[in-house]
Every structure is written in C-alpha cells, then in structure tokens.
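**Student:** Here's a structure for you.
The values are calculated or read from the model by the stated rules, or taken from the named source; none is laboratory data. Since this is a predicted model, take the numbers as computed values, not measurements. Positions of Cβ are backbone-derived with ideal geometry, glycine not excepted, and every protein chain shown enters the neighbour counts. Note: accessible area is taken over every heavy atom of the protein model, side chains too, but ligands, DNA and RNA are not part of it. Shrake-Rupley method; radii C 1.70, N 1.55, O 1.52, S 1.80 Å.
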Amino acid sequence: MIDVDATIADLQRLIAIDSTNPGALEADCAAWIEQRLSGIGLDVERYPVAPGRDNLRVVVPGASRTGPRLVLVSHMDTVPVGDGWTRDPFGGEIEDGLLYGRGACDMKAGLAVTIGLLEALVRTGRTPATDVVAYYTVDEEAPGMLGAHQMVADGLLRPDDQILALEPSGMRLRIAQMGLRWLSLRVFGKMSHAGRAHLGVNAVHVTAEIVHELETSFRAFPFDDAILGRPRFTCSVVRGGVATNVVPALCEAELDVRIVPPLTPEDAGRIVANVADTVVARYPGASYEVAPLGASRPPVRAARDSPIVRSLVSSYERIAGRPPEIGGADGHEAYTDSAMIAALTGSTSSTVLGPGATDHAHTADEFVPLADVELAASLLWDLVESWGERLGLDR
C-alpha cells in the first residue's frame with residue numbers, strides 16, 4: 001500500500017518549492033523529485049525541453065516488458081501565486097482536513113501520490129504486471145505546453161500506453177476534454193482628438209462590438225455535448241488607448257474559446273474572423289488581425305472500453321463501493337498534459353482522475369482535501385495490483 005502519511009509529507013515539501021510559471025519555473029522542483037526518487041534506488045532520466053527545464057522519467061520494470069504500460073503524467077509547474085491569500089502559499093498548512101498552498105490541488109497532490117506509488121513498489125518489492133512509467137513535465141500551465149509536446153517529439157510514448165494524469169477532477173473520471181483555442185485580436189482604427197471623435201476610428205469601440213457579437217454567436221450555437229456541454233467564449237484581456245482625450249487607434253484583446261465536437265480549434269479562428277469581418281465593415285478605415293496564442297488544443301475523448309478507463313472504473317468500485325462519477329463538475333474545461341498527449345498522438349487511452357477539485361485550482365488559498373489524497377492513493381495502488389488481471393496477463 002501507498003504510505004499516505006509519507007505522501008502528505010512529500011506534498012508539503014513540494015508546496016514549499018516555488019515552481020510558478022511564469023516565475024521560478026520547475027528546476028528546483030525537478031531537482032527535489034530526482035533526489036527523492038534516486039534516494040530510494042530508482043533511476044531518474046532527464047529530457048531537456050528548454051534551458052534549465054527538463055522533463056523527468058522514471059520506469060519501474062514490469063513482469064511483461066511488452067504489454068500496455070501504465071503511464072502516469074504529472075506536471076511540476078504551478079500558476080503564479082497572485083493576490084488574496086490569507087495563508088502562506090508555500091506553507092503546506094493543514095486545517096480541518098484540508099491542505100493549503102499554491103499547487104496543493106493543481107497538481108502537486110497528484111504528483112505526490114505517484115511518488116508514493118513508486119516508493120511502495122520499491123519498498124514491497126512488488127513487480128508490476130507491465131512497466132509503470134512516471135513522467136514529470138514542465139510548462140503545463142503555459143500556452144505552449146512545451147513539456148507534453150517534447151515528450152511526444154522525443155518518442156517516449158508507445159501506441160498502446162495507458163495514460164493517467166492525477167490532475168484535480170474531484171475524484172471524478174474525466175473521460176472527455178473540452179477543446180481550447182486562445183487567440184489574439186488586434187483592431188486598428190484612426191487616432192483623433194476626442195473632441196473631434198468623428199474624424200477618427202475608435203479601435204476600442206470596434207473591439208467591443210466584435211466581443212459582444214462573439215458572445216451572442218457562441219450562445220446561439222446548437223452544439224451541446226452530453227459530457228462537455230456547450231462551447232464557451234471569454235474575452236479575458238483588453239489593452240487600448242493612450243489618453244482619455246484621444247480616440248484610440250489600436251486595441252488588443254486576448255480571447256479564450258472553449259470548443260466541443262464537432263468544432264475544431266481552426267473553427268474557433270474562423271468564427272472570430274467572420275464576426276470581425278462583419279463588424280469592421282461597418283467602420284470605414286478600420287481593420288483587424290487574428291492570430292493564434294499558444295498550442296492548438298482540440299477536444300479529446302478516451303474510449304470507455306480502453307484498459308485504463310475500464311481498470312479505473314473497476315478499482316474505484318472496489319475501493320469506494322460505487323462507480324466513479326463521469327462528467328459534471330470534473331474540470332473538463334481545463335486542458336491537461338493528458339489531453340495534449342491524446343491530441344498529438346491520437347490516443348484514446350489517456351484520461352484524468354485525481355485529488356482536489358478544479359474549482360479550487362488557480363485560486364487564492366488553494367487547497368486539496370486529505371480525503372481525496374487518501375482515496376487517490378488507495379485507487380492507484382489497487383490499479384497497479386490488478387493491472388495484470390485487467391489486461392488478461394495473469395491467465
């Protein structure tokens with residue numbers, strides 16, 4: 001069994017390490033993980049992604065070296081701390097069954113559970129049915145998701161790998177993942193004195209109309225996925241203007257478009273461009289540019305009959321006495337390394353189930369319930385113990 005007390009202690013140590021992105025980044029966290037795992041006799045391999053930023057890989061060999069591997073993916077970075085905290089964001093404080101700190105939920109709790117599993121396999125001398133592979137990635141919280149892209153580019157994954165990210169899902173099974181396209185919108189107008197505004201073209205006003213019509217368009221779309229729900233649109237950043245009495249000639253906006261099938265990331269760009277075309281045509285002298293921000297992130301879905309999904313459901317029923325919930329408030333709106341790997345490889349055996357809820361990620365006073373950590377530890381150990389049986393390798 002995984003030692004839950006040791007896992008919680010590891011989680012507190014991980015929270016004490018600043019790995020904010022942008023910010024301190026992952027080097028110190030990677031060094032600690034490497035020391036922790038090499039200290040129990042495991043070989044830790046480094047795979048460079050960017051200067052000072054390496055993905056880590058650890059393999060516990062299985063009885064079968066050719067069967068489908070259990071691949072655990074955890075990212076080491078967190079979002080910046082931000083304002084509004086009432087507790088030390090690097091303190092790992094425990095109160096009323098909750099452990100607080102930046103990354104407690106997303107996703108150092110899940111990462112700590114994978115360390116606990118690796119240590120339990122070494123401590124008990126248990127040989128898993130197939131290889132258990134743990135990856136610790138960089139840059140999951142950034143637009144480019146460089147760590148996941150580099151894993152695939154390095155050829156570190158096999159077609160039959162069964163991939164699990166213990167990302168915060170409220171301990172629900174995240175079988176599907178909403179797609180995402182970030183876009184930059186730049187609107188160009190004509191500067192003039194605000195007292196003679198009719199001589200100018202107000203880029204901020206044009207941008208506001210584009211955003212308003214995009215909101216209306218997305219609400220009207222008929223697409224409604226049974227798990228993922230409806231597409232969503234957010235204008236999250238706006239920059240424009242130089243002075244109160246000057247008609248602005250430039251306005252820049254950053255757009256967050258969440259998509260569900262049959263929409264694609266390319267569709268998101270076309271939708272924005274079509275609306276911008278219509279609005280800009282009403283303002284002679286105005287123009288615009290739309291450009292992608294970060295990686296393209298299409299919707300993905302794991303197969304219900306894939307070994308990882310079937311095994312997670314069976315282990316969850318055995319541990320909790322009921323099947324896991326699927327959909328609802330499971331955080332399928334937040335793109336993960338698991339989803340990016342599926343998008344890049346076409347895998348339908350890549351999914352998410354982990355401690356903490358997405359509602360508490362990226363917030364002030366971020367926390368994870370210790371009960372979730374305990375359940376995740378029990379679930380992961382049962383998953384590994386029964387892996388050969390579930391794959392039919394013990395017959």
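**Student:** Output the residue which, of all residues in region 118-132 that are in contact with a Leu (Cβ under 9 Å, 6 or more places away or on another chain) and open to solvent by 40 Å² or more (accessible area, probe 1.4 Å), is farthest from ILE40 (Cα to Cα).
**Tutor:** THR127
**Student:** I've got another one for you. Can you find a residue in region 133-146 that is open to solvent by less than 30 Å² (accessible area, probe 1.4 Å), polar (S, T, N, Q) and over 30 Å from TRP32 (Cβ atoms)?
**Tutor:** There is no residue in region 133-146 that is open to solvent by less than 30 Å² (accessible area, probe 1.4 Å), polar (S, T, N, Q) and over 30 Å from TRP32 (Cβ atoms).
**Student:** Of all residues in region 108-122, count the ones that are within 18 Å of ALA16 (Cβ to Cβ) and charged (D, E, K, R).
**Tutor:** Number satisfying all stated conditions: 1.
**Student:** Considering only residues that are touching a helix residue (DSSP H, G or I) at 6+ places or on another chain (Cβ under 6 Å) and of a type in the set (Ser, Thr, Tyr), which ones fall in region 139-192?
**Tutor:** Listed by number, the list holds a single entry, SER192.
**Student:** Something else: Output the number of residues of region 198-236 satisfying the condition of being under 22 Å from PRO298 (Cα atoms) and acidic (Asp, Glu).
**Tutor:** Selection size over region 198-236: 3.
**Student:** For region 220-253: of the residues being assigned to a loop (DSSP other than H, G, I, E, B) and β-branched (Val, Ile, Thr), which is modelled with the lowest pLDDT?
**Tutor:** Filtering region 220-253 for residues that are assigned to a loop (DSSP other than H, G, I, E, B) and β-branched (Val, Ile, Thr), the one modelled with the lowest pLDDT comes out as ILE227.
**Student:** Continuing with this model, one more query. Tell me whether region 111-132 contains one or more residues that are touching a Lys or Arg at 6+ places or on another chain (Cβ under 8 Å), over 30 Å from GLU385 (Cα atoms) and at pLDDT 95 or above.
**Tutor:** The answer is no, given that none of the residues of region 111-132 is touching a Lys or Arg at 6+ places or on another chain (Cβ under 8 Å), over 30 Å from GLU385 (Cα atoms) and at pLDDT 95 or above.
**Student:** Of the residues GLY388, GLY327, GLY346, which is out of contact with any Leu (no Cβ under 7 Å at 6 or more places or on another chain), at positive phi and modelled with pLDDT under 95?
**Tutor:** GLY327
Yes/no matrix, rows are residues, columns are (1) hydrophobic (A, V, I, L, M, F, W, C); (2) touching a helix residue (DSSP H, G or I) at 6+ places or on another chain (Cβ under 9 Å):
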residue	(1), (2)
GLU252	no, yes
VAL313	yes, no
TYR316	no, yes
GLY321	no, no
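**Student:** Next question. Could you check how many residues of region 205-239 are open to solvent by 40 Å² or more (accessible area, probe 1.4 Å) and in contact with a Pro (Cβ under 7 Å, 6 or more places away or on another chain)?
**Tutor:** Residues meeting the conditions: 2.
**Student:** Would you list the strands (runs of 3 or more DSSP E) that sit entirely within region 1-104 and hold 2 or more residues that are within 20 Å of MET151 (Cβ to Cβ) and open to solvent by less than 60 Å² (accessible area, probe 1.4 Å)?
**Tutor:** 44-50, 53-60, 70-75
**Student:** May I ask you to verify whether GLU266 is open to solvent by 80 Å² or more (accessible area, probe 1.4 Å) and closer than 19 Å to PRO143 by Cα?
**Tutor:** Values: open to solvent by 80 Å² or more (accessible area, probe 1.4 Å): yes; closer than 19 Å to PRO143 by Cα: yes.
So GLU266 fits the description; yes.
**Student:** Would you point out which residue out of ALA281, ALA291, ALA276, ALA339 is hydrophobic (A, V, I, L, M, F, W, C), at pLDDT 95 or above, out of contact with any Asp or Glu (no Cβ under 7 Å at 6 or more places or on another chain) and within 30 Å of GLU385 (Cα to Cα)? First the steps, then the outcome.
**Tutor:** Working: ALA281 fails: within 30 Å of GLU385 (Cα to Cα); ALA291 fails: within 30 Å of GLU385 (Cα to Cα); ALA276 fails: within 30 Å of GLU385 (Cα to Cα).
It is ALA339.
Condition check ((1) touching a His at 6+ places or on another chain (Cβ under 9 Å); (2) of a type in the set (Ser, Thr, Tyr)) across all residues:
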site: VAL206; (1), (2): no, no
site: ILE210; (1), (2): no, no
site: LEU228; (1), (2): yes, no
site: PRO261; (1), (2): no, no
site: SER287; (1), (2): no, yes
site: SER296; (1), (2): no, yes
site: PRO299; (1), (2): no, no
site: ASP305; (1), (2): no, no
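**Student:** Could you list all residues from region 270-298 that are touching a Ser or Thr at 6+ places or on another chain (Cβ under 9 Å) and part of a loop (DSSP other than H, G, I, E, B)?
**Tutor:** Scanning region 270-298 gives a single hit, PRO298.
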